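J.: Before I ask anything, let me first share the structure, which is written out below as structure tokens.
The values are calculated or read from the model by the stated rules, or taken from the named source; none is laboratory data. Please read these numbers as outputs of a predicted model, since none were measured by experiment. Quick reminder, even Gly has a Cβ in these numbers, built from the backbone with ideal geometry, and neighbours come from all protein chains shown.
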Amino acid sequence: MFAALLLLMSTVATAADKLPVVASFSILGDLVSVIGGDRVAISTMVGPNQDAHMFAPSPADAKKVAQSKLVVVNGLGFDQWLNRLAGAAGYKGAIVVASNGIKARQMSDEGQTGKMHADPHAWQDPANVIIYAGNIAAALAKLDPAGAGYYQDNRARYVQSLKELDGWAGQQFAQITAEKRKVITSHDAFGYLGARYRITFLAPQGTSTESEASAKDVARLIRQIQHERIKAVYIENMSDPKLLQQLSREAGVAMGAKLYSDALSSPQDVAPTYLKMMRYNIGQLMLGLKLN
């Protein structure tokens, strides 16, 4: 009984000693969990299958932020609401922008001709996630110097997995001729993936699900689908499927399985981690591209 009590006390102490970290959305939460391992206690604001573009924080979320030691945001305009929430919660700890050091893609702003903005979906390129991992490991090590070696070891192992993913993805897409690498998705979330592997992604919505596609844009996209005989059409797990269902129906093409863009799946589904999400998405994309 005494030994069991000591074990219980040790477990409680270990849990209490973990570094409390808040991440803005599920993909970042997974990266922090991988790098931080059992030295961190991670809370994720926007969970699996949820839309970070449309997220509205609650008072409970503000409390989590206030009690954390590190806040991890994507940056590039994706999750500015968390910076505002941290200010409102009186948070005094560190905030790390995981995408720092990444060369952002520039895109035309929806509804404002000529105005450019950064594409925030940088995680869609595995090479960028290597930078994410480095920024997260450095931030954790600064707050927890005793765990610096542990975080760097976890980062190194993860970087190797990312490089393997990148090589495999390149081999997959090399099977499709360049002119056939065209895909329709719900919103413009796959630009970095497209740039990495030379795939053209087209979407009725822009980079944010908050924007609305115009009838003119939808009609133009339908004509392009029909003219170029694009068969690779996908909804996303956190987007309203109605618009793409209409587009698919009017263009006369069948939709493929859903893709995971801005959020992971539930733990029981096909994309509960970043690595599994990417491999699943690439497998589904290959099924559609082979039909083009």
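J.: Can you give me the number of residues within the stretch 94-116 that are in contact with a Lys or Arg (Cβ under 9 Å, 6 or more places away or on another chain) and either aromatic (Phe, Trp, Tyr) or modelled with pLDDT under 95 (or both)?
T.: 2
J.: Going through the stretch 55-77 one residue at a time, which ones are farther than 10 Å from Met45 by Cβ and of a type in the set (Lys, Arg)?
T.: Within the stretch 55-77, Lys63, Lys69 meet the criteria.
J.: With the structure loaded, tell me whether Gly170 is surrounded by fewer than 19 Cβ atoms within 10 Å (Cβ to Cβ) and under 29 Å from Ser68 (Cβ atoms) or whether it fails that test. Give the steps one after another, and end with the answer.
T.: Working: surrounded by fewer than 19 Cβ atoms within 10 Å (Cβ to Cβ): yes; under 29 Å from Ser68 (Cβ atoms): no.
No, not satisfied.
J.: Still on this model: Residues of the stretch 128-159 being within 19 Å of the chain's Cα centre (by Cα) and either more than 18 Å from Ile27 (Cα to Cα) or polar (S, T, N, Q) (or both), which ones?
T.: At the first step, the residues of the stretch 128-159 found to be within 19 Å of the chain's Cα centre (by Cα) are 128-137, 155, 158-159.
Of everything in the stretch 128-159, those that are within 19 Å of the chain's Cα centre (by Cα) and either more than 18 Å from Ile27 (Cα to Cα) or polar (S, T, N, Q) (or both) turn out to be Asn128, Asn135.
J.: Only one of Leu291, Leu287 is among the hydrophobic types (A, V, I, L, M, F, W, C) and not in a loop (DSSP other than H, G, I, E, B); which?
T.: On the way: Leu291 fails: not in a loop (DSSP other than H, G, I, E, B).
Only one candidate qualifies: Leu287.
J.: Right, next: For Leu247, indicate whether it is over 29 Å from Val32 (Cα atoms) and either touching a residue at least 12 places away in the same chain (Cβ under 8 Å) or assigned by TED's automatic domain parsing to the domain that holds Ala189 (or both). Walk me through it before giving the result.
T.: On the way: over 29 Å from Val32 (Cα atoms): yes; either touching a residue at least 12 places away in the same chain (Cβ under 8 Å) or assigned by TED's automatic domain parsing to the domain that holds Ala189 (or both): yes.
For Leu247, the condition - over 29 Å from Val32 (Cα atoms) and either touching a residue at least 12 places away in the same chain (Cβ under 8 Å) or assigned by TED's automatic domain parsing to the domain that holds Ala189 (or both) - is met.
J.: Tell me which of these Ile131 doesn't satisfy, since it passes every other one: (1) over 22 Å from Phe201 (Cβ atoms); (2) modelled with pLDDT of 95 or more; (3) surrounded by fewer than 20 Cβ atoms within 10 Å (Cβ to Cβ).
T.: (1)
J.: Let me ask something else. Condition (residue is part of a helix (DSSP H, G or I), modelled with pLDDT of 90 or more and of a type outside the set (S, T, N, Q)) applied to the stretch 264-274: is it met by at least one residue? Walk me through it before giving the result.
T.: Pass one, the stretch 264-274, residues part of a helix (DSSP H, G or I): 274.
Narrowing the set further to residues that are modelled with pLDDT of 90 or more leaves 274.
Now narrow it down to the ones that are of a type outside the set (S, T, N, Q): 274.
The answer is yes, given that some residue of the stretch 264-274 is part of a helix (DSSP H, G or I), modelled with pLDDT of 90 or more and of a type outside the set (S, T, N, Q).
J.: Restricting attention to the stretch 174-203, and to residues there that are hydroxyl-bearing (Ser, Thr, Tyr) and in contact (Cβ under 8 Å) with a residue 12 or more places away in the chain, which single residue is surrounded by the fewest Cβ atoms within 10 Å (Cβ to Cβ)?
T.: Here is the first cut: in the stretch 174-203, the residues hydroxyl-bearing (Ser, Thr, Tyr) are 177, 185-186, 192, 197, 200.
From what's left, in contact (Cβ under 8 Å) with a residue 12 or more places away in the chain: 185-186, 192, 197, 200.
Values: Thr185: 25, Ser186: 25, Tyr192: 22, Tyr197: 19, Thr200: 16.
For the stretch 174-203, the residue satisfying everything is Thr200.
J.: Check His117, His121 and return the single one that is in contact (Cβ under 8 Å) with a residue 60 or more places away in the chain and surrounded by fewer than 21 Cβ atoms within 10 Å (Cβ to Cβ). Walk me through how you get there before you give the answer.
T.: Working: His121 fails: surrounded by fewer than 21 Cβ atoms within 10 Å (Cβ to Cβ).
From the options His117, His121, the qualifying one is His117.
J.: Please enumerate the residues belonging to the stretch 266-286 that are of a type in the set (A, V, I, L, M, F, W, C) and out of contact with any strand residue (DSSP E or B) (no Cβ under 7 Å at 6 or more places or on another chain). Give the steps one after another, and end with the answer.
T.: Residues of the stretch 266-286 of a type in the set (A, V, I, L, M, F, W, C): 270-271, 275, 277-278, 282, 285-286.
Val270, Ala271, Leu275, Met277, Met278, Ile282, Met286 - these are the residues of the stretch 266-286 that are of a type in the set (A, V, I, L, M, F, W, C) and out of contact with any strand residue (DSSP E or B) (no Cβ under 7 Å at 6 or more places or on another chain).
J.: Separate question: Arg229 fails exactly one of the following numbered conditions: (1) farther than 28 Å from Val32 by Cα; (2) crowded, with 22+ Cβ neighbours inside 10 Å. What is the number of that condition?
T.: Status for Arg229: all satisfied but (2).
J.: Taking the stretch 41-53, which residues are surrounded by 22 or more Cβ atoms within 10 Å (Cβ to Cβ) and among the hydrophobic types (A, V, I, L, M, F, W, C)?
T.: Selection gives Met45, Val46, Ala52.
J.: Using the structure shown, decide if Leu76 is in contact (Cβ under 8 Å) with a residue 40 or more places away in the chain, outside any strand (DSSP E or B), assigned by TED's automatic domain parsing to the domain that holds Ile27 and under 18 Å from Val21 (Cβ atoms).
T.: Working: in contact (Cβ under 8 Å) with a residue 40 or more places away in the chain: yes; outside any strand (DSSP E or B): yes; assigned by TED's automatic domain parsing to the domain that holds Ile27: yes; under 18 Å from Val21 (Cβ atoms): no.
In short, no.
J.: Looking at the stretch 136-154, which of the residues that are within 13 Å of Val34 (Cα to Cα) and not aromatic (Phe, Trp, Tyr) is surrounded by the fewest Cβ atoms within 10 Å (Cβ to Cβ)?
T.: The first filter runs over the stretch 136-154 and keeps only residues within 13 Å of Val34 (Cα to Cα), leaving 136-137, 140, 150-154.
Those left that are additionally not aromatic (Phe, Trp, Tyr): 136-137, 140, 152-154.
On the way: Ile136: 27, Ala137: 26, Leu140: 30, Gln152: 16, Asp153: 14, Asn154: 21.
The residue in question is Asp153.
J.: Being at pLDDT 95 or above and either surrounded by fewer than 19 Cβ atoms within 10 Å (Cβ to Cβ) or part of a loop (DSSP other than H, G, I, E, B) (or both): is that true of Pro57 here? Can you show your working first?
T.: Details: at pLDDT 95 or above: no; either surrounded by fewer than 19 Cβ atoms within 10 Å (Cβ to Cβ) or part of a loop (DSSP other than H, G, I, E, B) (or both): yes.
No; evaluated as a whole, the condition is false for this residue.
J.: Related question: Considering only the stretch 195-216, I want to know if a residue exists there that is outside any helix (DSSP H, G or I), among the polar types (S, T, N, Q), modelled with pLDDT of 95 or more and on the phi < 0 side of the Ramachandran plot.
T.: Of the residues in the stretch 195-216, the ones outside any helix (DSSP H, G or I) are 198-214.
Restricting the remaining residues to those that are among the polar types (S, T, N, Q) gives 200, 205, 207-209, 211, 214.
With the extra rule that they be modelled with pLDDT of 95 or more, the set shrinks to none.
No, because not a single residue in the stretch 195-216 is outside any helix (DSSP H, G or I), among the polar types (S, T, N, Q), modelled with pLDDT of 95 or more and on the phi < 0 side of the Ramachandran plot.
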